[in-house]
């Protein structure tokens, strides 16, 4: 949950990690439920169930809640829950806008609804899908419902401690699903006879022309079935264009065969039953995760501002990141403070030691300057006093002896013209017969324990500096 | 109206685009400040580590110098004793004695005495620059050994050149001693 606040689980409405979804369609006497896995644009249906609502006519809220609880137990742990809003509780409205930006449409949608329908925008919730785009404008289909309907759906789930994540209109979800699966023809009428309502889609040139809902379903007496059929046919006639030939399609329902025959005989047209999908209601709602990505009636019901949602996530994320950063910074502050005090105490100790043992101009000078100053004074003292000791005296006789071993005329053809010796180095000027002699000279110097050649001679007439090595005694 | 409400109202009224812009600028600012602080910490940390390393090295050097200073003090004492044992010691007669004993008088071309005043000390440094012509290496070694045998004289530097008459050599050297300023 906390991770969901910080990290986006979706990009442009598509889930970037596999998520388990429970989609629920609540009918009058039963609840259709499907568990599916959503990953990017893929939906995998895992299992479906039709759970009857016990004593559906009495104390409906508690009975539906109890059924939902059973479904929740059946579904197991899921990442998000989608619920459909029944067709009889939804009004559809098609609009045309001179722009196609989602945010811009969202801002003016309620005004558009208020202009067309006699509804108080305070009490309704609405969302829309962009049906088609043309140039800079677009056509949308909006689903509108009473806020209390949406809130009561949310409350049903809240009652069993489930947070509902998405509410989508069932009819629109079914249309989008059939469209996705290519189960409807370019010009057709789709009739969905539910228990308590009938929804009719009119599709012209593969786009929804109109959606109508009749508040009568198959859950009526046999006497009234004819009335329902005539209502359906009347609505179909009013919706469909007279110039275009429409095919009639039906979704499976109770008494489908008799209803189909009645429609066929009344309309004089063949009726095609789309029966290739079982549990179409909850499956269509499962597919709403990819077919109706931006559609959700919940935020509008809560007057939920998307900015605020993002802001909440942002603040939660920032707070945790800041907490981590502050902890790291504090840790670093403490480390730096400790290091600084170690440095300070060592500096003070060094200054104390120097002032105790040496005379320096300014004890507040930098440690480097202090050490340099005492080294300089010691160097002059060393050169003044130490050559008188056997240990520190430069033994020139030994140096000359070693040099005579290296420059032995029997072994090496080198003639030394001049040599300068002091307490740190020997400077030799000489002449070698050839480069072979020079190389041999270099080898002999290298083998010597006393001298080190500072620079290699480049010509046979050479001048080299030999510094005294460590083994010098 | 509380400030938080005002902020929320302000944010709610923003268009999505402006809101995203605002978020990006806040995130960028936080990232910049954090980046700056991280840079500061790492810079300061490496600086302090380096300084501590240097201080430890200086402390080790100082200990070494304290030891050397003690050695110098001891040497000063020893040398003072040696000097006080023969307060009338002079460098020129010392060299003349050696020169005579080694029969080098004919080869010594010149001698030049230089006195170097040592500040904050009771002693002067006396340098004798000697130029010797046409001697052989045995004579040179004998001369150097004689000088090196004396605890209060040392050879500062030597210059050896091939003489015109081979296999002889020409030698230039500086020998040094300390002499009390009171003498």
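The values are calculated or read from the model by the stated rules, or taken from the named source; none is laboratory data. None of the values given here were measured: they were computed from a predicted structure. As a convention, Cβ positions derive from the backbone with ideal geometry for all residues, glycine included, and neighbour counts pool all protein chains shown.
Okay, here's what the table says:
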read-out	value
Set B:118, B:55, B:66: member being touching a strand residue (DSSP E or B) at 6+ places or on another chain (Cβ under 8 Å) and facing chain A (nearest Cβ under 9 Å)	B:118
Qualifying residue in region A:73-85 (condition: crowded, with 18+ Cβ neighbours inside 10 Å, farther than 25 Å from residue A:143 by Cβ and in contact with a strand residue (DSSP E or B) (Cβ under 7 Å, 6 or more places away or on another chain))	yes
Residue match in region A:338-352 (condition: over 60 Å from the mean Cα position of the chain (by Cα) and either more than 8 Å from chain B (Cβ to nearest Cβ) or assigned to a helix (DSSP H, G or I) (or both))	no
Matching residues in region A:423-435 - criterion: being assigned to a loop (DSSP other than H, G, I, E, B) and surrounded by 16 or more Cβ atoms within 10 Å (Cβ to Cβ)	A:423
Pair list, Cβ < 8 Å and 6+ apart or interchain, from region A:373-388 residues that are at the interface with another protein chain (Cβ under 7 Å from one of its Cβ atoms) and outside any helix (DSSP H, G or I) to residues that are surrounded by fewer than 17 Cβ atoms within 10 Å (Cβ to Cβ) and modelled with pLDDT under 85	none
Number of the condition not met by residue A:438 [criteria: (1) closer than 30 Å to residue B:164 by Cα; (2) facing chain B (nearest Cβ under 8 Å); (3) in a helix (DSSP H, G or I); (4) in contact with a strand residue (DSSP E or B) (Cβ under 8 Å, 6 or more places away or on another chain)]	(2)
Residue list for region A:51-106, filter: free of Cβ contacts under 8 Å to residues at least 60 places away in the same chain and within 30 Å of residue A:210 (Cα to Cα)	A:93, A:95, A:96, A:97, A:98, A:99, A:100, A:101, A:103, A:104, A:105, A:106
Number of positions in region B:13-48 that are assigned to a helix (DSSP H, G or I) and more than 38 Å from the chain's Cα centre (by Cα)	24
Candidates B:175, B:135, B:155, filtered to the one that is at pLDDT 90 or above and over 20 Å from residue A:383 (Cβ atoms)	B:135
Matching option when the condition is part of a helix (DSSP H, G or I) and in contact with a strand residue (DSSP E or B) (Cβ under 7 Å, 6 or more places away or on another chain), among A:232, A:248, A:225	A:232
Residues satisfying the stated conditions in region B:132-167, i.e. closer than 14 Å to residue A:419 by Cα and more than 7 Å from chain A (Cβ to nearest Cβ)	B:137, B:140, B:163
Condition check for residue A:418: within 8 Å of chain B (Cβ to nearest Cβ) and under 24 Å from residue B:72 (Cβ atoms)	no
Residue ID - nearest to residue A:154 (Cα to Cα), chosen from residues in region A:119-138 that are buried (at least 18 other Cβ atoms within 10 Å of the Cβ) and in contact (Cβ under 8 Å) with a residue 24 or more places away in the chain	A:125
Residue match in region A:358-369 (condition: within 14 Å of another protein chain (Cβ to nearest Cβ), surrounded by 14 or more Cβ atoms within 10 Å (Cβ to Cβ) and within 30 Å of residue B:176 (Cβ to Cβ))	yes
Subset of region A:257-268 (residues that are touching a residue at least 24 places away in the same chain (Cβ under 8 Å) and either part of a loop (DSSP other than H, G, I, E, B) or touching a strand residue (DSSP E or B) at 6+ places or on another chain (Cβ under 7 Å) (or both))	A:259, A:263, A:267
Evaluation of residue A:394 against (1) under 20 Å from residue B:162 (Cα atoms); (2) assigned to a loop (DSSP other than H, G, I, E, B); (3) within 9 Å of chain B (Cβ to nearest Cβ) (one fails), failing number	(1)
Those residues of region A:347-356 which are under 20 Å from residue B:70 (Cα atoms) and in contact (Cβ under 8 Å) with a residue 12 or more places away in the chain, in sequence order	A:350, A:351, A:354
Single condition residue A:216 does not satisfy, out of (1) on the phi < 0 side of the Ramachandran plot; (2) assigned to a loop (DSSP other than H, G, I, E, B); (3) surrounded by fewer than 18 Cβ atoms within 10 Å (Cβ to Cβ)	(3)
Every residue from region A:89-118 that is part of a helix (DSSP H, G or I) and crowded, with 18+ Cβ neighbours inside 10 Å	A:89, A:105, A:109, A:110, A:112, A:113
Strands (runs of 3 or more DSSP E) within region B:66-183 that include 2 or more residues crowded, with 17+ Cβ neighbours inside 10 Å	B:123-135, B:153-162, B:169-180
